[in-house]
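Novice: My questions will all concern the structure given below.
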Amino acid sequence: MSSLSTQLASLRGMGLYEPFHQISSWGDTFRGDGSLNIGSSTGAQADTRLDNRNEYASHESMEPTRGEQESSRPFDKIQRRLAQNREAARKSRMRKKAYVQQLESSRVKLVQLEQELQRAQQQGGYISSVSDSSHLGLIGNMSSGIATFEMAYGHWVEKQHKMICELRIALQAQVTDVELKILIENGLNHYNNLFRMKADAAKADVFYLISGKWRTSVERFFLWIGGFRPSELLNILVPQIEPLTDKQQVDISNLRQSSRQAEDALSQGIEKLQQTLAESMALDLMGAGNYRAQMDSAIENLEALEGFVNQADNLRQKALHHMSRILTTRQAARGLLALGEYLHRLRALSSLWAARPHEPT
Amino acid sequence: MERVKQLASERAVVIFSRTTCCMCHTIKTLLGGFGVNAAVHELDEMPQGREIEHALARLGCQSTPMVFIGGELVGGANEVMSLHLNRSLIPMLRRAGALWV
């Protein structure tokens, strides 16, 4: 390898050659570009031919240019190799330029979207999640974990909508229970995906989740620790899936009660957190206090918030899981449809609310 | 470890907690709501708190609260909540003699 570097260094000195690794990395970025293969593999091929004596084994897969007639004169070899390197370098520069241009235009678009978003927010509006690019929000203030979540959530909502439509069609078409079970499984897994995404987002910025910034305004109105309240959910679903057997009614009633108790305990835990935080922040406002210690203990408190959001999601997940066990296949399918449709309506209401004509003051 | 086992068995329900831990408050509220009179040990106020914390960590407990029912380790908030939604928590408490009704 060191002898190769010496070779390359001397060529670089001639000003005719760009570092090999850069060529291959641009190659990786632009796989689909036809001209790419010639550039990178030729460069590697040329290196191999030149350094055969030094037993340099290139790890790049070689294109079959070996079949070409090779001049046996070293001078010609070097000339050809230099020309190929020039070509590869030129192509690399072109690819880099194209890439940078792409980045620039994306950046301009991003700034435009941010401005749009700000304007809409000032008017008290809501930008529909259908144009999911606008879901990117204010990139500058956002951690990458949250930006990732926002995008993923936009896709999640779109997929959710498709799944709900599928479910509706399946129920109307009276498909078999086996087929319904698959749809139900997919639906539940989709929610599980959301909870996983939220767990990651909570690590990045728990306040983002708790504030409900990622949800529409009407959904935010009903928000409980970063999502829907499980017992409320049951209240919404039950009328949609009747008639229920006696046993089912008892089971659901028990589930609602257990969930209610767990929710209340969690709520009290969060209230205690608020109280503790307020107390430690308010300590000795007039005097010197122990700023460092107060801040440290406050940080500890805030770190606990992530646990609360995770527990709330755990309750949501368990509630869905238990319901799917209590209900028959058909009922579970209707339940999932009802839930999806309900949340969809909340989102639609948010859009309507934002779009309604404002009274001139 | 012996001390942990001893403490864990001295009452039907034993909670290892921390005064600053709000999730502990949640679990205490939940269990208290059922009428359970749990023994609560605040690790940050106990003289041997550190060692007990280490012993609990070896049992697999990463953070407070850590709940023992009938001398057996049940787990943390996650486990307790899940058991309750399962409708398994109350029977467990009853078997351990933590509930009168």
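Every read-out reported here was derived from the displayed coordinates using simple, explicitly stated rules and does not represent laboratory data. Here the structure is a predicted model, which is why all the values come from computation and not from measurement. Note: ideal-geometry Cβ built from the backbone for every residue, glycine included; neighbour counts use all protein chains shown.
Novice: If R₀ is 25 angstrom, what is the calculated FRET efficiency for the pair A:Ala282 and B:Glu42, using the beta carbon separation as r and rounding to 0.05?
Specialist: Result of the calculation: an efficiency of 0.60.
Novice: Size of the dipole of region B:1-49 about the Cα centre, Lys and Arg at +1 and Asp and Glu at -1 on the beta carbon, nothing else charged, in debye to 20?
Specialist: Here region B:1-49 has a charge dipole of around 140 debye.
Novice: Here is a further query. Charges on Cβ only, +1 for Lys and Arg, -1 for Asp and Glu, centred on the Cα centroid of region B:1-96; of B:Met46, B:Met66, B:Gly32, which one is farthest towards the dipole's positive end?
Specialist: Of the listed residues, the answer is B:Gly32.
Novice: Classify region A:144-266 as rounded, prolate or oblate, taking a ≥ b ≥ c as the square roots of the eigenvalues of its Cα gyration tensor: rounded when a/c is under 1.5, otherwise prolate if a/b is larger than b/c and oblate if not.
Specialist: oblate
Novice: How would region A:164-218 be classified by its alpha-carbon gyration tensor: rounded, prolate or oblate, with rounded meaning a/c under 1.5 and the a/b versus b/c comparison settling the rest?
Specialist: Oblate, because a/c is 1.5 or more while a/b does not exceed b/c.
Novice: Sticking with this structure for a sec: Please give the length that would be gained between A:Asp246 and A:Ala355 if that part of the chain were fully extended, namely 0.36 nm times their separation in residues minus their C-alpha to C-alpha distance (nm, one decimal).
Specialist: 34.7 nm
Novice: Arrange the following residues from fewest to most other Cβ atoms within 10 Å of their Cβ: B:Arg50, A:Arg80.
Specialist: B:Arg50, A:Arg80
Novice: Here's a follow-up. Taking only Cα atoms, what is the 0 to 90° angle, nearest 10, from helix B:22-33's long axis to the longest principal axis of chain B?
Specialist: Helix B:22-33 sits roughly 40 degrees off the main axis of chain B.
Novice: Whole angstrom only: what separates the Cα centroid of region A:300-361 from the Cα centroid of region B:20-82?
Specialist: 31 Å
Novice: Hey, rough spin-label estimate for A:Ala173 and A:Arg196, points 7 angstrom out along Cα→Cβ, what's it come to in nanometres?
Specialist: Output for this residue pair reads 2.8 nm.
Novice: What's the FRET efficiency of A:Asn254 with A:Ser106 using the Cβ-Cβ distance as r and R₀ = 56 Å, to the nearest 0.05?
Specialist: That pair, A:Asn254 with A:Ser106, gives E of 0.60.
Novice: Then there is this: What is the dipole size for chain B, taken about its Cα centre, with +1 at each Lys and Arg Cβ and -1 at each Asp and Glu Cβ, in debye to the nearest 20?
Specialist: Charge dipole, chain B, about its Cα centre: 320 debye, nearest 20.
Novice: When only C-alpha pairs under 8 Å and at least 6 residues apart count, what is the relative contact order of chain B, in percent?
Specialist: Once normalised by length, the contact order is 35 percent.
Novice: Find the cysteines in chain B that fail to meet the 4.7 Å Cβ criterion with every other cysteine, and list them.
Specialist: B:Cys22, B:Cys61
Novice: Rounding to the nearest 20 debye, state how big the charge dipole of region A:144-355 is about its Cα centre with +1 on each Lys and Arg Cβ and -1 on each Asp and Glu Cβ.
Specialist: 620 debye
Novice: Sticking with this structure for a sec: Positive end of the dipole of region A:144-355, charges at C-beta (+1 Lys, Arg; -1 Asp, Glu), about the Cα centre: which of A:Gln268, A:Asn310, A:Leu194 has its Cα farthest in that direction?
Specialist: A:Leu194
Novice: Tell me, A:Met286, B:Met23 in order of fewest to most beta-carbon neighbours within 10 Å?
Specialist: In increasing order of surrounding Cβ atoms, one gets A:Met286, B:Met23.
Novice: How far apart, in nanometres, would the label points at B:Asn78 and A:His155 be if each is projected 7 angstrom from Cα along the Cα-to-Cβ direction?
Specialist: A separation of 2.5 nm, rounded to one decimal place.
Novice: Still on this structure, please answer the following. Among A:Tyr191, A:Tyr291, which comes first, then next, by fewest other beta-carbon atoms within 10 Å?
Specialist: The fewest-first ordering by Cβ neighbours comes to A:Tyr291, A:Tyr191.
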